[in-house]
Structure formats: C-alpha cells, structure tokens
1. Applying the Karplus parametrisation 6.51 cos²θ - 1.76 cosθ + 1.60 with θ = phi - 60° to the phi angles of region 86-93, what ³J(HN,Hα) value in whole Hz is obtained for each residue in order, glycine and proline being reported as x?
2. Tell me which residues come under 5 Å, amide H to amide H, from Cys113 once H is placed; ignore anything under 5 positions away on its chain.
3. Which length gain, in nm to one decimal place, applies between Ile107 and Ser17 when the Cα-Cα distance is subtracted from 0.36 nm times their residue separation?
4. Calculate one ³J(HN,Hα) per residue across region 111-119 by plugging θ = phi - 60° into the Karplus curve 6.51 cos²θ - 1.76 cosθ + 1.60, and present them in order as whole Hz with x for glycine and proline.
5. 5 Å is the cut-off here: which amide hydrogens, built 1.01 Å from N in the peptide plane, fall below it relative to Cys157, excluding neighbours closer than 5 in sequence?
6. Which order do Lys2, Lys49 take when ranked by solvent-accessible area (1.4 Å probe, heavy atoms of all protein chains), largest first?
7. For an R0 of 25 angstrom, estimate the FRET efficiency from the Cβ-Cβ distance between Thr182 and Leu81 and round to the nearest 0.05.
8. If you take every DSSP beta bridge fully contained in the chain, what fraction is antiparallel? Give it as a percent rounded to 5.
Amino acid sequence: SKLKFPEGSTLCSVILSSDKTHITNMCGRKVAHPLLISLANIHMDIRNKGSSHAFLLLALMPIPTFTHPATQICSVLKVHLFHHCLDIVLEPLKQAACFGRMMSDPIGNLCYCFTLLVSYIVDTPEACMLACVQGCTSLVTTAMYKDFGDPDCHLPCTSALTLAQLQSIQCNINEVEQYFATCKDF
C-alpha cells in the first residue's frame, strides 16, 4: 500500500549511519560508537564529502562491558542495550514519521515534515546485530549459509517473522543455556 501524506507536506528521507570506531590505540584503546544522521534529499556527491558536514552526530551509543562469565550472555546484553538505546534516540523521528512535525527549511520557512528512515549505512557485523541474525545467516532472507548459492527462493527475513520466532520459544528465559539451545533452531 502507498503511504499518503497531507498535501503540501515535505518528505524528509532520513539516512542513518553507525560504526564502532577506535579513537586511539596507544592510550587505553578508547572506542566510540557514533550514530550519524543525514538526509537523502541532499545530493549524494555533497552528502558523501566529509567537508560538507552533511552527516551530523545524533548520539554516541554505549559500548558496555559486562562481567557475566558467559560471553554469549554478554553479547546478547550488548545487542539488547544497543537496540533499546536506538529505540530511545529514534523516538522523535518515529513520531515525526507517523504524525509529521513542523520544521524550518534552510531559509526559515515552516514546513510540515515527515521523517522516514530510507537507509541505514553499516558494516556487515553491525548489520547482523541490527537484524538480530548470526554471522552465517542472510540479512535479508531466511537462507542459512548452507543455502547460499542454491536455486531456491527463500522467504524474506521480516520483523514479523523475527517476532513470531521469539514468541514461539517455549522455555524459561531465566534458564539461559536452555534458551540459547532453543534459539539455535532459528
């Protein structure tokens, strides 16, 4: 179905980008995880030039260290925290995407704008983390690594499918080993 916006409104196509970055390797191995934002309405040649400052810092995402002895648990906690922070940071954009928001253009005119996320630029490990899939799985289909290259058409990996899989898990989530064993089926 087509999205319908009020007549005269402006579509602000949002582009996000994030990548964990090493700030220094000499003094304590400092790492940052910036979340950047830009608009697809800005021509690509201008947007991709660093000197144009077309990408702005939206947030510095946390890089936690957990003390749980099981590294698998620590990984899940890190992913959960990242998703939760992303949800908080992007809430105003989600509201503007649904209901619109009055914003001023570069010359000061007020426009009724809708902010739709059209792209999220990440590397493969971060894309896997965002899509809640493991490394040997397709990010966009339900194909596993053993299916890569076969002639079959695999179903798309959608948020509805991921949520249905999570709801179908029949075990006590406090029993961590059992939970991870059950999740391996997906």
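1. Each residue of region 86-93 in turn: 4, 4, 5, 5, 8, 4, x, 5 Hz.
2. Those qualifying (amide H under 5 Å, at least 5 residues apart or on another chain) are Thr10, Arg101, Met102, Met103.
3. Details: separation 90, 0.36 × 90 = 32.40 nm, distance 2.65 nm.
Extra length from Ile107 to Ser17 when fully extended: 29.7 nm.
4. Running phi through 6.51 cos²θ - 1.76 cosθ + 1.60 with θ = phi - 60° gives 10, 8, 10, 10, 9, 9, 6, 10, 7 Hz.
5. Residues meeting the criterion, in which the H sits 1.01 Å from N, are Thr141, Thr142.
6. Heavy-atom accessible area, descending, gives Lys2, Lys49.
7. Numbers: r = 22 Å, r/R0 = 0.89.
That gives a FRET efficiency of 0.65.
8. Values: 17 of 25 bridges.
Looking only at bridges with both residues in the chain, the antiparallel portion is about 70 percent.
The values are calculated or read from the model by the stated rules, or taken from the named source; none is laboratory data. In this text, all values refer to a predicted model and were calculated from it rather than measured experimentally. Every residue, glycine among them, receives a Cβ derived from its backbone with ideal geometry; neighbour counts consider all protein chains shown. Ligands, DNA and RNA are excluded from the accessible area calculation, which covers all protein heavy atoms including side chains. Shrake-Rupley method; radii C 1.70, N 1.55, O 1.52, S 1.80 Å.
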